[in-house]
Amino acid sequence: MAAGLVIIPTYDEKENIQDVLAKVMGLPVPFDVLVVDDGSPDGTADLVRAGMEVYPGRVHLLERQGKLGLGTAYLAGFRWALERDYGYIFEMDADLSHDPNDLPRLFEACDQGRGDMSVGSRYVKGGQVKDWSWERVLMSFMASLYVRMILWIDVRDTTAGFVCYKRQVLQALPLDEIECIGYAFQIEMKYRVKRLGFRITEVPITFVDRQKGRSKMSMSIFKEAFFGVLGMRRRIP
């Protein structure tokens, strides 16, 4: 039986998706994978379908029409997982910036009772970032500091997207009310989890910049994250 479901959103990730699937499938702790593909024109979904044949019953594909945003991809994945009996649900990037070998550590943090949500963190002791310029590291760190100051949330890596949720956390969240669809989605999820009284624990990871493919970060995503935080305290009870 799988330890949980790993949700991986994709858009034009043909260079990475096969490696990601192979690494997750090769872990000593068994995980299932759901790839949520937003109509990638590069054939990412076809490679996932090939993976479904290699790993029957463990790799799954949810196809959507058009690039609808990171947050909505995860929400679709959450609903898919909750319709099934997964006890733990994970978020992970497709570009290998998150090391699949850290999945068991995130799982253990929740399974052993250290938290209801575990976050792969770059900014706790033992965490680090590789292959970023110091300016980019500083900007990311300051963004997390800004979020903590505005929302009064004791999570050091507030924008982290490598996460494990216990099933009951996602069941308690009002998924239909989540508004942010870009990287601010990660902030909103952590803030809502905290507001509901669940415990968040941070697990140190090494974040590695993507080696293949193209980053999806844009100025509109950055603006949503900056200004979206300002409205969260007002609209989230």
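Laboratory data are not the source of any read-out in this text; all were calculated from the coordinates shown. Because the structure is predicted, anything quoted here is derived from the model rather than measured. Reconstructed Cβ throughout: ideal geometry from the backbone, glycine too, with neighbour counts over all protein chains shown.
Table for the structure above
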{"read-out": "Debye intensity ratio I(q)/I(0), log10, the chain, q values 0.10, 0.15, 0.17 Å⁻¹ (C-alpha model)", "value": "-0.42, -1.03, -1.38"}
{"read-out": "Positive-end extreme of charge dipole, segment 5-235 - chosen from Met92, Phe198, Ile17 (charges on Cβ)", "value": "Phe198"}
{"read-out": "Whole-number D in µm² s⁻¹ for segment 106-160, Kirkwood Cα-pair radius fed into Stokes-Einstein, 37 °C, 0.692 mPa s", "value": "266 µm²/s"}
{"read-out": "P(r) tail fraction, segment 1-108 - alpha-carbon pairs more than 23 Å apart, %", "value": "17 percent"}
{"read-out": "Most fluctuating residue given options Gln168, Gln128, Gln112, as computed from a GNM of the chain linking Cα atoms under 10 Å", "value": "Gln112"}
{"read-out": "Trypsin sites (Lys or Arg not before Pro) restricted to DSSP loop in segment 113-145 with at most 14 other C-beta within 10 Å", "value": "Arg114, Lys125"}
{"read-out": "Mean separation of Cα contacts under 8 Å, 6 or more apart, over the residue count of the chain: relative contact order %", "value": "23 percent"}
{"read-out": "Antiparallel DSSP beta bridges within segment 5-235, percent to nearest 5", "value": "25 percent"}
{"read-out": "Residues whose placed amide H lies under 5 Å from that of Ile7, excluding near-sequence neighbours", "value": "Leu34, Phe90, Glu91, Met92"}
{"read-out": "Lysine pairs within the chain, Cα separation less than 14 Å, 8 or more sequence positions apart or different chains", "value": "4"}
